[in-house]
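Have a look at the structure below, then the notes.
The values are calculated or read from the model by the stated rules, or taken from the named source; none is laboratory data. Keep in mind the model is a prediction, meaning the values are calculated, not measured. Note that we place each Cβ from the backbone using ideal geometry, even for glycine, and neighbour counts take in every protein chain shown.
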């Protein structure tokens, strides 16, 4: 997307991609509860298992991925939908994967936490901080081949307390690879607040320990993320090494669907929803001269694409059970 | 305060889930022994994702009930240090699948501390962890990995199949001077948001009692063949045995309770009686619990009436989509089918 002709088109893309991601998850919500009522049972319905929604975190994904090309690598987390959509993962195949269908990205083997789209170099994982090492590897491959591809690892603020975080940052810095580490700070690792489990207020300060630039992005705003991420990614492309970015964002839903969220202070979610970054961004674009009709049209197209992906995913066939044995080895 | 004339007061039977039984055991031991503390991700304010520490924070406070960062290497390593220093830590590894980030602390520290020190330093800690799939959580949140832990010298490994055993095993595990890996199966845990095998919810005494960490149990007697299971597969074996009884087959069911140490004598005694053996577990097949059970019987030279069999999870990662996952998971139907085959006269050939 960095080849987009102007910042104006990037901003329109960021807005419509946030809308697309939010709408994608809006369709997941009722589908997830199908078959799980009146007694909630995670195993039931068309979308079994854990479901981690990214509502509220969309600015992180679009502000970073607006600068990325298909050849750049992204590793994401257990909360991957917004990043996957922003990276250009095939929407139809992604929806089908989440429904466990044969036409899914992995034929139903991976599910929502294990989305892989090699076409755009996207992968995600359910293990905290697991994506950092692979991002260093992808970045090293780019460097060794003399390419200008970068690798971006997304992680939550809780992952910055994993050993893998510190090892990967050090390695990336020592090898001076074109990697960017993006922390989405949504304040909680499941129930545990950042302030209760992290020694520093801002994880971006930890960049100093690995001799790389560290940026803290306040405000959960796509334009600010875009600007800071643009600098870090450009720096990486120039061969000047890795950066760490921490983005202040928020999780508008529970850790997973069905989370009672008793650990949240009263009124927190209402406050966060009142500051929802997507309508706020629309207002900014209108103030900056975008036409309402232009935004409406882009939104409608985004929603139509998601509707089509969900309709196709629901209609798609399940894989043959015996397919479970395929792809264990190459 | 009873007098000889007073009527005997019998406490009403309390039926608890495994989750409640675990939390009760930890709480009772924390009251009895000031060196016991519990640490892990989301175990304080949330009470554990799988309910193992419900109510403990309110009762014992944040010094002894500690939410940790997502730093398993550090806090499980810290547990070995606490144990060496005379404390009795209980740590929770939320999903056994997460062992990859912290296995060094488990198998190179906890498991070897006593041995390397020639017995000077012990490691009385409990590592409790959830296991098992069947609910569409895919391959990084659905494994059991019994054999991975059972394979490592220096670790005791127990898996309760019901709430009564869970409480007694947890009390025994905390008091044991060695590291005990306490695996609880999500399909038996009794969490509101996960289905639960009702048979795992049992009467649980209020009182303090121990269930030995090294003894298997015969949970159903029979004479034609021996079904050996642990955790969830005990229930699948019991379901299968019930169906088989309608076909005139009398199946004995053994609940291993522990895989390290493994109560080989209990298995051998049963198979000597029945002459047939089928082991069932939901860990990966190769080099697994079933293999160890079959080897224990074969090595003893017990005469068998049909070739010993095992049912386990095939050697593939756990797939997400339910049509695949339920195709490969063990279940009572597969046990019944395997037993029917074993009972055919031609099975002796």
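Considering only the range A:188-201, I want to know if a residue exists there that is out of contact with any helix residue (DSSP H, G or I) (no Cβ under 7 Å at 6 or more places or on another chain), farther than 25 Å from residue B:102 by Cβ and either touching a residue at least 24 places away in the same chain (Cβ under 8 Å) or not in a helix (DSSP H, G or I) (or both).
Taking every residue of the range A:188-201 in turn, at least one turns out to be out of contact with any helix residue (DSSP H, G or I) (no Cβ under 7 Å at 6 or more places or on another chain), farther than 25 Å from residue B:102 by Cβ and either touching a residue at least 24 places away in the same chain (Cβ under 8 Å) or not in a helix (DSSP H, G or I) (or both).
Could you please find all residues in the range A:138-166 being within 10 Å of another protein chain (Cβ to nearest Cβ) and part of a loop (DSSP other than H, G, I, E, B)? Break it down stepwise before answering.
Filtering the range A:138-166 for residues within 10 Å of another protein chain (Cβ to nearest Cβ) gives A:156-165.
Residue satisfying the conditions is A:162 alone.
Mind telling me which of the residues B:91, B:101, B:126, B:121 ends up being within 14 Å of chain A (Cβ to nearest Cβ) and either modelled with pLDDT of 95 or more or within 19 Å of residue B:152 (Cβ to Cβ) (or both)?
Numbers: B:91 fails: within 14 Å of chain A (Cβ to nearest Cβ); B:126 fails: within 14 Å of chain A (Cβ to nearest Cβ); B:121 fails: within 14 Å of chain A (Cβ to nearest Cβ).
The unique qualifying residue is B:101.
Just name the residue that is farthest from residue A:61 (Cα to Cα) out of those in the range A:124-137 that are more than 9 Å from every other protein chain (Cβ to nearest Cβ) and crowded, with 24+ Cβ neighbours inside 10 Å. Spell out the reasoning first.
First, the residues of the range A:124-137 that are more than 9 Å from every other protein chain (Cβ to nearest Cβ): A:124, A:131-137.
From what's left, crowded, with 24+ Cβ neighbours inside 10 Å: A:124, A:131-132, A:135-136.
On the way: A:124: 13, A:131: 15, A:132: 16, A:135: 16, A:136: 19 Å.
Ranking the candidates gives A:136 first.
What are the residues in the range B:59-77 that are within 10 Å of another protein chain (Cβ to nearest Cβ) and either at positive phi or in a loop (DSSP other than H, G, I, E, B) (or both), if any?
Hits for the range B:59-77 are B:62, B:68, B:69, B:70, B:71.
Among the helices (runs of 4 or more DSSP H) lying completely within the range A:8-109, list those that include at least 3 residues that are within 14 Å of another protein chain (Cβ to nearest Cβ) and at negative phi. Explain how you work it out, then say what you get.
Details: elements: A:58-65, A:81-87, A:91-98.
Passing ranges, in order: A:91-98.
Does at least one position in the range B:318-334 carry a residue that is over 21 Å from residue A:325 (Cα atoms) and touching a helix residue (DSSP H, G or I) at 6+ places or on another chain (Cβ under 8 Å)?
Start the filter on the range B:318-334 by keeping residues that are over 21 Å from residue A:325 (Cα atoms), which leaves B:332.
With touching a helix residue (DSSP H, G or I) at 6+ places or on another chain (Cβ under 8 Å) added as a condition, the list becomes B:332.
There is at least one residue in the range B:318-334 that is over 21 Å from residue A:325 (Cα atoms) and touching a helix residue (DSSP H, G or I) at 6+ places or on another chain (Cβ under 8 Å).
Scanning for something within 14 Å of chain A (Cβ to nearest Cβ) and either over 28 Å from residue B:97 (Cβ atoms) or under 25 Å from the mean Cα position of the chain (by Cα) (or both), does the range B:285-299 turn up at least one residue?
Filtering the range B:285-299 down to residues within 14 Å of chain A (Cβ to nearest Cβ) leaves B:285-286.
Cutting the leftovers down to either over 28 Å from residue B:97 (Cβ atoms) or under 25 Å from the mean Cα position of the chain (by Cα) (or both) gives us B:285-286.
Checked the range B:285-299: at least one residue is within 14 Å of chain A (Cβ to nearest Cβ) and either over 28 Å from residue B:97 (Cβ atoms) or under 25 Å from the mean Cα position of the chain (by Cα) (or both).
Restricting to the range A:110-122, name every residue that is more than 7 Å from chain B (Cβ to nearest Cβ) and under 19 Å from residue B:142 (Cβ atoms).
A:112, A:115, A:116
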